[in-house]
1. Taking into account only those residues within the range 142-188 that are free of Cβ contacts under 8 Å to residues at least 40 places away in the same chain and in contact with a Lys or Arg (Cβ under 8 Å, 6 or more places away or on another chain), which is farthest from Val113 (Cα to Cα)?
2. How many residues does the range 110-134 contain that are under 23 Å from Tyr170 (Cβ atoms), part of a helix (DSSP H, G or I) and not small (Gly, Ala, Ser)?
3. Is it the case that Glu107 is in a helix (DSSP H, G or I), in contact with a strand residue (DSSP E or B) (Cβ under 9 Å, 6 or more places away or on another chain) and acidic (Asp, Glu)?
4. Select from the range 141-168 the residues that are charged (D, E, K, R) and either within 17 Å of the chain's Cα centre (by Cα) or at pLDDT 85 or above (or both) and list them in ascending order.
5. Of a type in the set (D, E, K, R), touching a helix residue (DSSP H, G or I) at 6+ places or on another chain (Cβ under 6 Å), crowded, with 16+ Cβ neighbours inside 10 Å and without any contact (Cβ under 8 Å) to a residue 60 or more places away in the chain: is that true of Lys20 in this structure?
6. When the residues of the range 27-59 are narrowed to those that are farther than 24 Å from Ile143 by Cβ and without any contact (Cβ under 8 Å) to a residue 24 or more places away in the chain, which ends up surrounded by the most Cβ atoms within 10 Å (Cβ to Cβ)?
7. Quick one: what pairs do we get from the range 85-100, first residue without any contact (Cβ under 8 Å) to a residue 40 or more places away in the chain and closer than 23 Å to Trp4 by Cβ, second surrounded by 16 or more Cβ atoms within 10 Å (Cβ to Cβ) and among the polar types (S, T, N, Q), C-beta under 7 Å, 6+ apart or different chains?
8. Suppose we filter Ala168, Ala182, Ala123 for residues that are among the small types (Gly, Ala, Ser), surrounded by 20 or more Cβ atoms within 10 Å (Cβ to Cβ), at negative phi and touching a helix residue (DSSP H, G or I) at 6+ places or on another chain (Cβ under 7 Å); which single one remains?
Amino acid sequence: MNRWISAFPKRYEQDVRVVKACLPFKWTRLSPGSIEVKLEQERIQIPTRVYVPEVAPERIEQLTPTQRTILYGLYTRHHDGHIREHYLCQLLKTHQQDGWILAYILELASEYVREIVEIIAPAIDQWNPEVKQQFVHDDPAYIKRIEERMISYWNAYYRSSGERRSEADYPGFLILESLQKATSKREV
């Protein structure tokens, strides 16, 4: 249970316990790795991947809005890309813009599925600038890691011959630009 609890800010511990209890237990597991992100004086451990069957929609409806948001965030780490995309869209529909949600979304954006990154880019651009500023300020090393992963995947899968990053239309770069703008506003 500790790994599930540490995947979200401490203030959500009881909600995480409820979400964990609604998962089909015998088929539920986290991958061995996690991604550490610093958020407002605490660290969360985002699972690299989760291997969790989907919860029945009727069961999801019984959860509180906060618990549903936690579940959606968790499913953005699912091993199946279609499930990740579906729950990303559910997560974005909540219109919640907490730092931990931003962390889960940015981790997903740093992966190789362009179609998912295309969904994320406009959402990050519209994200609360103060939350983006604080997030970048709290963990610049994590932001650097995200940037390096985006560049690496762009270079490996999407880069045209001889294309420079400044010429690229890769949506991950729009996300990075949005985060950089938020940071520069803070410094002014």
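The values are calculated or read from the model by the stated rules, or taken from the named source; none is laboratory data. As the structure is a computational prediction, the values presented were derived from the model and not from experiment. Here Cβ is always computed from backbone atoms with ideal geometry, including for glycine, and neighbour counts include all displayed protein chains.
1. Checking each candidate, the answer is Ala168.
2. Of the residues in that region, 12 qualify.
3. Working: in a helix (DSSP H, G or I): yes; in contact with a strand residue (DSSP E or B) (Cβ under 9 Å, 6 or more places away or on another chain): yes; acidic (Asp, Glu): yes.
In short, yes.
4. Those that are charged (D, E, K, R) and either within 17 Å of the chain's Cα centre (by Cα) or at pLDDT 85 or above (or both): Lys144, Arg145, Glu147, Glu148, Arg149.
5. Working: of a type in the set (D, E, K, R): yes; touching a helix residue (DSSP H, G or I) at 6+ places or on another chain (Cβ under 6 Å): yes; crowded, with 16+ Cβ neighbours inside 10 Å: yes; without any contact (Cβ under 8 Å) to a residue 60 or more places away in the chain: yes.
Yes.
6. Arg29
7. Pairs that qualify, where the first residue is without any contact (Cβ under 8 Å) to a residue 40 or more places away in the chain and closer than 23 Å to Trp4 by Cβ and the partner is surrounded by 16 or more Cβ atoms within 10 Å (Cβ to Cβ) and among the polar types (S, T, N, Q), are Tyr87/Thr76; Leu88/Thr76; Leu91/Thr69; Leu91/Thr76; Thr94/Thr69; Gln96/Thr69.
8. Numbers: Ala168 fails: surrounded by 20 or more Cβ atoms within 10 Å (Cβ to Cβ); Ala123 fails: surrounded by 20 or more Cβ atoms within 10 Å (Cβ to Cβ).
Selected residue: Ala182, the only one of Ala168, Ala182, Ala123 that is among the small types (Gly, Ala, Ser), surrounded by 20 or more Cβ atoms within 10 Å (Cβ to Cβ), at negative phi and touching a helix residue (DSSP H, G or I) at 6+ places or on another chain (Cβ under 7 Å).
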